[in-house]
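> One structure coming up, written as structure tokens, with questions to follow.
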Amino acid sequence: MPSLRKILDALLDARLPKTPIFEPNLASKLELCRRYGDFSLAYSTAVQPDLRYFGDGEGYIAYATKMGHTFVLGDPVASVELRADYIRRFVASSNRPCFVQIGHETARVLSSLGYHINQMGVDTRLSLDTHSFAGKRNETVRYSEKWLLKKDYRIVECDGTIANSDQVRHISTNWRNGRLVNRREMRFLNRPFEPKLAPHMRRFLIIDPVGVPTAILDFDPIFRNGDIIGYTAAFKRKLTGTTPHAEIGLTKFATDRFREEGRSHVTFGLSPLAAIASSGFSESRVWRSFFERAYRSKRINEKIFNLQGQAAFKRRFHGEELATYIAFQRRSPLEMLALLRLLKTL
């Protein structure tokens, strides 16, 4: 029997306006992503389960609902010239949807529609034609890779033949058991981890000196005009007790591999609530203050999600921090509660 919470959620969602139905299959979403998926979240909008879609054969907006609120995930997957039109049409057909983890151009369009725009964190990007791991500031990154190799660890790319699904699942389950909140994984901004790679994803492994896989780093592709121009870190997993050099060494190894292949950039994904500053648009000062306090909160970092630790890890690589935004019209505590429940942080 459904829980009372799920029944109430369904009743609230039933009151939302009926948006035009668009139900693309996976192949159609991946094709649109190959053409227009030039931002970090694009691939995840195509393969994440339980999302809904607004659009047509030329592009889409991915979204989900919770407690009678609508939340859009990322920018539209469409040509740059058409993205503003998709945004305007979706806003017109919906009940004041909230847009989450969007880029500056989407924020600009929404600002013109009367939205308040706040920063919600940063995405770290390494431009591979100019970035290098040389120099003193990257000394600790180079040391991690050298330490692993000196101790007879191997860093390899896996096509599914080095670590099987059971081994990968074991690493992920073991990793989750050591999380601050281990009974659930975050959703929406993240998708569920799968032992088997989806099309175009890349996986890198740490193999310990006795031949056991101990750490995983998976990447999603970033596309432009049918070509893979870069990758974004999607999942990190490791066995309890694995050396802290593993994640750093894996990241450096994969980044060097992508550079050798001629990819243009690597992104590390959202550092939630990190480096919050003025958005440059009309914004909610209340929510900006709340985000800043949440990032500094010892209780949140120790009991719910290690915001500061995640940001600190990504800053080790000295990339460019790109602001990401959240856009809303309601600005209500109930809307934020609905978002937190959608993310499964509550």
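The values are calculated or read from the model by the stated rules, or taken from the named source; none is laboratory data. Predicted model only: the values in this text are computed from it and were never measured. So basically every Cβ, Gly included, is an ideal-geometry build from the backbone, and we count neighbours across all protein chains shown. In case anyone asks, the SASA skips ligands and DNA or RNA and just uses the protein heavy atoms, side chains included. Shrake-Rupley method; radii C 1.70, N 1.55, O 1.52, S 1.80 Å.
> Working only within segment 1-60, note down all residues that are open to solvent by less than 20 Å² (accessible area, probe 1.4 Å), within 28 Å of His104 (Cβ to Cβ) and part of a helix (DSSP H, G or I).
Those that are open to solvent by less than 20 Å² (accessible area, probe 1.4 Å), within 28 Å of His104 (Cβ to Cβ) and part of a helix (DSSP H, G or I): Leu32, Cys33, Ala42, Tyr43, Ser44, Thr45, Ala46.
> Further question on the same structure: Kindly establish whether Ser264 is in contact (Cβ under 8 Å) with a residue 60 or more places away in the chain, farther than 19 Å from Leu189 by Cβ and in contact with an Asp or Glu (Cβ under 7 Å, 6 or more places away or on another chain). I'd like the intermediate steps shown before the answer.
On the way: in contact (Cβ under 8 Å) with a residue 60 or more places away in the chain: yes; farther than 19 Å from Leu189 by Cβ: yes; in contact with an Asp or Glu (Cβ under 7 Å, 6 or more places away or on another chain): yes.
For Ser264, the condition - in contact (Cβ under 8 Å) with a residue 60 or more places away in the chain, farther than 19 Å from Leu189 by Cβ and in contact with an Asp or Glu (Cβ under 7 Å, 6 or more places away or on another chain) - is met.
> Pick from segment 252-273 the residues that are assigned to a loop (DSSP other than H, G, I, E, B) and over 15 Å from the mean Cα position of the chain (by Cα): which of them is farthest from Leu322 (Cα to Cα)?
The extreme case among them is Glu261.
> Only one residue in Phe204, Phe223, Phe188 is modelled with pLDDT under 95, touching a strand residue (DSSP E or B) at 6+ places or on another chain (Cβ under 8 Å) and either under 26 Å from Ser271 (Cβ atoms) or not small (Gly, Ala, Ser) (or both), so which one is that?
Numbers: Phe204 fails: modelled with pLDDT under 95; Phe223 fails: modelled with pLDDT under 95.
Answer to the selection: Phe188.
> Moving on. Which strands (runs of 3 or more DSSP E) does segment 202-251 wholly contain that include 3 or more residues that are surrounded by fewer than 21 Cβ atoms within 10 Å (Cβ to Cβ) and either in contact with an Asp or Glu (Cβ under 8 Å, 6 or more places away or on another chain) or not aliphatic (A, V, I, L, M) (or both)? Don't jump to the end; show me each part of the working.
Numbers: elements: 202-207, 213-224, 227-238.
Once the strands (runs of 3 or more DSSP E) in segment 202-251 are filtered for at least 3 residues that are surrounded by fewer than 21 Cβ atoms within 10 Å (Cβ to Cβ) and either in contact with an Asp or Glu (Cβ under 8 Å, 6 or more places away or on another chain) or not aliphatic (A, V, I, L, M) (or both), what remains is 227-238.
> Could you list all residues from segment 323-346 that are at pLDDT below 90 and either among the hydroxyl-bearing types (Ser, Thr, Tyr) or part of a strand (DSSP E or B) (or both)?
Correct list: Ser332, Thr345.
> Mind counting the residues in segment 294-334 that are out of contact with any Cys (no Cβ under 6 Å at 6 or more places or on another chain) and in contact (Cβ under 8 Å) with a residue 40 or more places away in the chain? Don't jump to the end; show me each part of the working.
Pass one, segment 294-334, residues out of contact with any Cys (no Cβ under 6 Å at 6 or more places or on another chain): 294-327, 329-334.
Imposing the further condition that a residue be in contact (Cβ under 8 Å) with a residue 40 or more places away in the chain reduces the set to 302-306, 311, 313-327, 329-331, 334.
Count: 25.
> If Ala338 satisfies all but one of (1) open to solvent by 60 Å² or more (accessible area, probe 1.4 Å); (2) touching a Leu at 6+ places or on another chain (Cβ under 9 Å), what's the number of the condition it fails?
Answer for Ala338: the failing condition is (1).
> Now for a different question. Could you go through segment 65-79 and let me know if any residue there is touching a His at 6+ places or on another chain (Cβ under 8 Å) and surrounded by 14 or more Cβ atoms within 10 Å (Cβ to Cβ). Break it down stepwise before answering.
Of the residues in segment 65-79, the ones touching a His at 6+ places or on another chain (Cβ under 8 Å) are none.
No, segment 65-79 has no match at all.
> Is there a residue in segment 277-297 that is closer than 30 Å to Asn138 by Cβ, open to solvent by 70 Å² or more (accessible area, probe 1.4 Å) and of a type in the set (D, E, K, R)?
yes
> May I ask you to list the residues in segment 263-282 that are in contact with a His (Cβ under 9 Å, 6 or more places away or on another chain) and hydroxyl-bearing (Ser, Thr, Tyr)?
Initial filter on segment 263-282 (in contact with a His (Cβ under 9 Å, 6 or more places away or on another chain)): 265-266, 279-282.
The answer is Ser279, Ser282.
> Which of the residues that make up segment 296-322 are part of a helix (DSSP H, G or I) and under 21 Å from Asp123 (Cβ atoms)? Before you say what the answer is, go through the steps one by one.
Narrowing segment 296-322 to residues part of a helix (DSSP H, G or I): 296, 298-303, 307-315.
Hits for segment 296-322 are Arg296, Ile300, Asn301, Leu307, Gln308, Gly309, Gln310, Ala311, Ala312, Phe313, Lys314, Arg315.
> Next question. Anything in segment 300-335 that is closer than 15 Å to Ser271 by Cβ, open to solvent by 50 Å² or more (accessible area, probe 1.4 Å) and touching a Leu at 6+ places or on another chain (Cβ under 7 Å)? List them, or say none. Before the answer, list the steps.
At the first step, the residues of segment 300-335 found to be closer than 15 Å to Ser271 by Cβ are 300-301, 305-326.
Filter once more, keeping what is open to solvent by 50 Å² or more (accessible area, probe 1.4 Å): 305-306, 308, 310, 312, 315-316, 318, 320-322.
Phe305, Asn306 - these are the residues of segment 300-335 that are closer than 15 Å to Ser271 by Cβ, open to solvent by 50 Å² or more (accessible area, probe 1.4 Å) and touching a Leu at 6+ places or on another chain (Cβ under 7 Å).
> Could you check segment 80-100 and list, in sequence order, the residues that are closer than 14 Å to Met336 by Cα and either surrounded by 21 or more Cβ atoms within 10 Å (Cβ to Cβ) or not basic (Lys, Arg) (or both)? Spell out the reasoning first.
The initial filter retains those residues of segment 80-100 that are closer than 14 Å to Met336 by Cα, namely 96-100.
Selection gives Pro97, Cys98, Phe99, Val100.
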